[in-house]
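Trainee: Handing you a structure now.
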Ligand SMILES: [Mg+2]
């Protein structure tokens with residue numbers, strides 16, 4: 001078998017929302033299709049990948065460097081031992097040849113996008129959902145039937161209406177989510193307190209609420225913010241420090257005794273090791289949110305999991321960022337702690353593929369082969385026409 005073609009397109013997200021760091025008005029993402037010569041049900045197997053949200057599209061890097069390298073490789077050099085399926089580690093290595101170490105930047109997202117599509121193809125060729133493929137290869141214990149998820153939303157909106165925010169959280173609870181996350185740190189503290197208290201009124205307990213500061217606050221402001229919210233006893237506060245400022249992270253963790261979550265803007269195992277060495281995080285309560293698709297995909301994520309475990313943490317403290325369909329499979333397959341879900345199903349990156357149900361804070365795992373992007377209609381539409 002062989003990869004016949006790799007096609008990609010960049011598309012706009014078209015959402016008027018913001019967090020403390022950025023607005024999403026001009027945000028883009030990429031779709032990629034890895035076309036194989038394997039035929040299932042009369043059609044060529046195609047693996048699809050979609051960017052994770054928040055870092056813009058990666059089409060240029062893919063078109064100029066990574067797709068040409070994979071297409072130029074000897075097809076046999078990309079296969080597993082059976083010779084009947086791709087070996088994702090080998091495709092990854094072919095794409096990454098002649099790349100210097102570190103300086104991960106946008107490269108890690110382009111590779112993660114390509115890797116997502118390769119794994120989708122691998123699972124489709126195996127005729128199994130990706131989480132089952134991953135569980136067999138890298139999982140622990142019995143296969144899961146559901147995985148914990150939390151609902152993510154509560155962005156700042158142009159109308160700034162607090163009742164709309166409370167209604168959004170009520171809707172998440174109605175959808176079956178038990179824990180929710182909203183944005184914070186992007187408004188004056190007095191307004192953020194009103195937002196937090198409005199949401200706490202609709203939740204059964206404060207530990208069901210998380211706040212995402214998006215690494216945007218100056219350290220002194222973050223200190224005041226944490227001091228202010230500490231009495232609430234929230235589920236976690238996310239990115240209180242700038243993502244790569246490990247000394248500030250350590251100082252804030254010293255100051256704030258409740259859980260801190262971070263890591264969505266770290267893109268490789270070496271960055272993760274530095275966070276765990278110097279970021280002052282506590283393996284008994286804090287959460288690690290590395291984004292699988294933005295951080296070089298599953299081969300690098302496995303190295304990240306190994307680094308996390310070597311530092312004395314368990315997989316249960318891994319909560320991958322972004323509500324990406326890929327992450328749901330990896331959480332299930334590798335036995336991680338929790339998947340994020342953009343709770344608004346009407347958004348391209350909200351909700352899960354059709355057929356995934358949410359109840360009591362847990363999501364069912366898909367049973368269709370591959371990742372299931374085809375069943376997330378408003379996202380999959382962005383890949384329409386890549387393959388005839
Ligand atoms: Mg976040």
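Trainee: Across region 92-104, what is the total count of residues that are closer than 20 Å to residue 324 by Cβ and without any contact (Cβ under 8 Å) to a residue 40 or more places away in the chain?
Mentor: So the answer is 1.
Trainee: Determine, yes or no, whether residue 171 is out of contact with any strand residue (DSSP E or B) (no Cβ under 8 Å at 6 or more places or on another chain) and either assigned by TED's automatic domain parsing to the domain that holds residue 348 or farther than 30 Å from residue 131 by Cα (or both). Show your work before the answer.
Mentor: Working: out of contact with any strand residue (DSSP E or B) (no Cβ under 8 Å at 6 or more places or on another chain): yes; either assigned by TED's automatic domain parsing to the domain that holds residue 348 or farther than 30 Å from residue 131 by Cα (or both): yes.
Yes; evaluated as a whole, the condition is true for this residue.
Trainee: Could we say that residue 275 is buried (at least 20 other Cβ atoms within 10 Å of the Cβ) and part of a loop (DSSP other than H, G, I, E, B) here?
Mentor: no
Trainee: Show me the strands (runs of 3 or more DSSP E) entirely contained within region 1-120 in which 1 or more residues are at pLDDT below 95 and closer than 30 Å to residue 183 by Cα.
Mentor: On the way: elements: 3-12, 28-40, 43-50.
It comes to 3-12, 28-40.
Trainee: Next up: Taking the options 252, 294, 234, name whichever one is over 24 Å from residue 328 (Cβ atoms), in a loop (DSSP other than H, G, I, E, B), within 16 Å of the ligand (Cβ to nearest atom) and modelled with pLDDT of 95 or more.
Mentor: Every option except 234 fails the conditions.
Trainee: Are there any pairs with C-beta distances below 7 angstrom linking a residue in region 277-293 that is at positive phi to a residue that is surrounded by fewer than 24 Cβ atoms within 10 Å (Cβ to Cβ), with the two at least 6 apart or on different chains, and if so which?
Mentor: Every condition considered, the pairs that remain are 280/250; 280/253; 280/254.
Trainee: Quick one: what pairs do we get from region 366-380, first residue under 14 Å from residue 332 (Cα atoms), second modelled with pLDDT under 95 and buried (at least 22 other Cβ atoms within 10 Å of the Cβ), C-beta under 6 Å, 6+ apart or different chains?
Mentor: Cβ pairs passing all conditions: 371/325.
Trainee: Quick test of your reading of the structure: residue 333 fulfils all but one of (1) surrounded by 24 or more Cβ atoms within 10 Å (Cβ to Cβ); (2) in contact with a strand residue (DSSP E or B) (Cβ under 8 Å, 6 or more places away or on another chain). Name the failing condition by number.
Mentor: (2)
Trainee: Do we have residue 155 as under 19 Å from the mean Cα position of the chain (by Cα), farther than 25 Å from residue 44 by Cβ and more than 16 Å from the ligand (Cβ to nearest atom) here?
Mentor: no
The values are calculated or read from the model by the stated rules, or taken from the named source; none is laboratory data. The shown structure was predicted, so the numbers you read here are calculated from the model rather than taken from an experiment. In this analysis, Cβ positions are derived from the backbone assuming ideal geometry, glycine residues included, and neighbour counts consider all displayed protein chains.
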